[in-house]
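Asks: Supplied in structure tokens, the structure appears directly below.
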Amino acid sequence: MAMILRNGCAGRIVKSGAIRSMSTSWWKHVEPAPKDPILGVTEAFLADPSPDKVNVGVGAYRDDNGKPVVLECVREAERRISGNVNMEYLPMGGSVNMVEETLKLAYGENSDLIKEKRIAGVQALSGTGACRLFADFQKRFSPDSQIYIPVPTWANHHNIWRDAHVPQNTFHYYHPESRGLDFASMMEDIKNAPNGSFFLLHACAHNPTGVDPTEEQWREISQQFKVKGHFAFFDMAYQGFASGDPERDAKSIRIFLEDGHLIGCAQSYAKNMGVYGQRVGCLRYL
């Protein structure tokens, strides 16, 4: 079988097999991406025929039968907006109302920062999208900087900043022997980092350890950041999920704000609201 391709006024006959060869040769060097280790657990779970299996992969709300659960507050929100949402383009920053409400949740209902319009916020594709936007922002406007990431952290953090071409460094966080925070080593790393460094911090429910600094430790961390002039970027994917109290889970951010820091924050509702597939998130700069 042959096809006729026109190039200007000239025509030539090229076999379809040759076209396929030409197109595949462009990408033959691209290797398949490695499977996500967490999502891989779910794939193994679905493939296992055992009736007694338990999915210990992606953290998600499930009932006693292992079936997905949608929170009643989410169902109520769906009922309230049903029929009232059109499909028009949103502003470049996303839904203005969504950004305004998510600011209140992170910074407080009566935050002066919000009232004075000192925070820039945009809607993002959940926490991953918000982190990537910040990584690109950091690379563009602070091209010689690097990002300090805790050990351990959510594995995708490394991919996000790497793909944005931001150099990475690490700082101590978890102490395996005590299964707690390695606070002394963490503070030493913060102290020894060059002045004005960027640090990635988990606001609450540290992923993957679940270990968080105490309120007093957060205050010490904030003071050391102030001494060194570091920039704190908070990834907050579990607000309200860690303690059951959204205000308490935002305490780390509030402490930094009280101390006069300028910060960045990625916020996601996938975990705490159970809207995993909706990709609802926000990125904010102060």
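The values are calculated or read from the model by the stated rules, or taken from the named source; none is laboratory data. The model shown is predicted, which means the values in this text are computed figures rather than measured ones. Glycine also receives a Cβ, built like all others from the backbone with ideal geometry; neighbour counts cover every protein chain displayed.
Asks: Identify, by number, the condition in (1) within 24 Å of residue 136 (Cα to Cα); (2) surrounded by 16 or more Cβ atoms within 10 Å (Cβ to Cβ) that residue 229 doesn't meet.
Replies: For residue 229, the failing item is (2).
Asks: On to the next question. List the number of the failed condition for residue 129; all other conditions in (1) assigned to a helix (DSSP H, G or I); (2) in contact (Cβ under 8 Å) with a residue 40 or more places away in the chain; (3) of a type in the set (Gly, Ala, Ser); (4) touching a helix residue (DSSP H, G or I) at 6+ places or on another chain (Cβ under 6 Å) hold.
Replies: Residue 129 satisfies every listed condition except (4).
Asks: Let me ask another. If we only count strands (runs of 3 or more DSSP E) wholly inside the range 210-286, which ones have 2 or more residues that are polar (S, T, N, Q) and within 15 Å of the chain's Cα centre (by Cα)? Show your work before the answer.
Replies: Values: elements: 231-236, 263-268, 280-285.
By residue number, 263-268.
Asks: Can you go through 184, 155, 203 and tell me which one is hydrophobic (A, V, I, L, M, F, W, C), surrounded by fewer than 15 Cβ atoms within 10 Å (Cβ to Cβ) and closer than 30 Å to residue 40 by Cβ?
Replies: 155
Asks: Could you list, in sequence order, the residues of the range 224-252 that are closer than 20 Å to residue 264 by Cβ, polar (S, T, N, Q) and modelled with pLDDT under 95?
Replies: 239
Asks: Quick one: what pairs do we get from the range 235-259, first residue without any contact (Cβ under 8 Å) to a residue 60 or more places away in the chain, second part of a helix (DSSP H, G or I) and among the small types (Gly, Ala, Ser), C-beta under 6 Å, 6+ apart or different chains?
Replies: 255/222; 256/222; 259/222
Asks: Moving on to the next point. Looking at the structure I just gave you, is residue 149 outside any strand (DSSP E or B), in contact with a Leu (Cβ under 7 Å, 6 or more places away or on another chain) and free of Cβ contacts under 8 Å to residues at least 60 places away in the same chain? It would help to see each step written out before you state the result.
Replies: On the way: outside any strand (DSSP E or B): no; in contact with a Leu (Cβ under 7 Å, 6 or more places away or on another chain): yes; free of Cβ contacts under 8 Å to residues at least 60 places away in the same chain: yes.
Answer is no for this residue.
Asks: Would you point out which residue out of 92, 98 is more than 10 Å from residue 267 (Cα to Cα) and surrounded by 13 or more Cβ atoms within 10 Å (Cβ to Cβ)?
Replies: 98
Asks: Taking the options 155, 164, 135, name whichever one is at pLDDT 95 or above, over 30 Å from residue 51 (Cα atoms) and out of contact with any strand residue (DSSP E or B) (no Cβ under 8 Å at 6 or more places or on another chain).
Replies: 164
Asks: While we're looking at this one, here's another question. Just the residues that are over 17 Å from the mean Cα position of the chain (by Cα) and surrounded by fewer than 18 Cβ atoms within 10 Å (Cβ to Cβ), please, taken from the range 166-179.
Replies: 167, 169, 170, 172, 175, 176, 177, 178, 179
Asks: Name the residue, out of 115, 28, that is surrounded by fewer than 10 Cβ atoms within 10 Å (Cβ to Cβ) and either of a type in the set (S, T, N, Q) or within 26 Å of residue 273 (Cβ to Cβ) (or both). Outline the logic, then answer.
Replies: Values: 28 fails: either of a type in the set (S, T, N, Q) or within 26 Å of residue 273 (Cβ to Cβ) (or both).
Every option except 115 fails the conditions.
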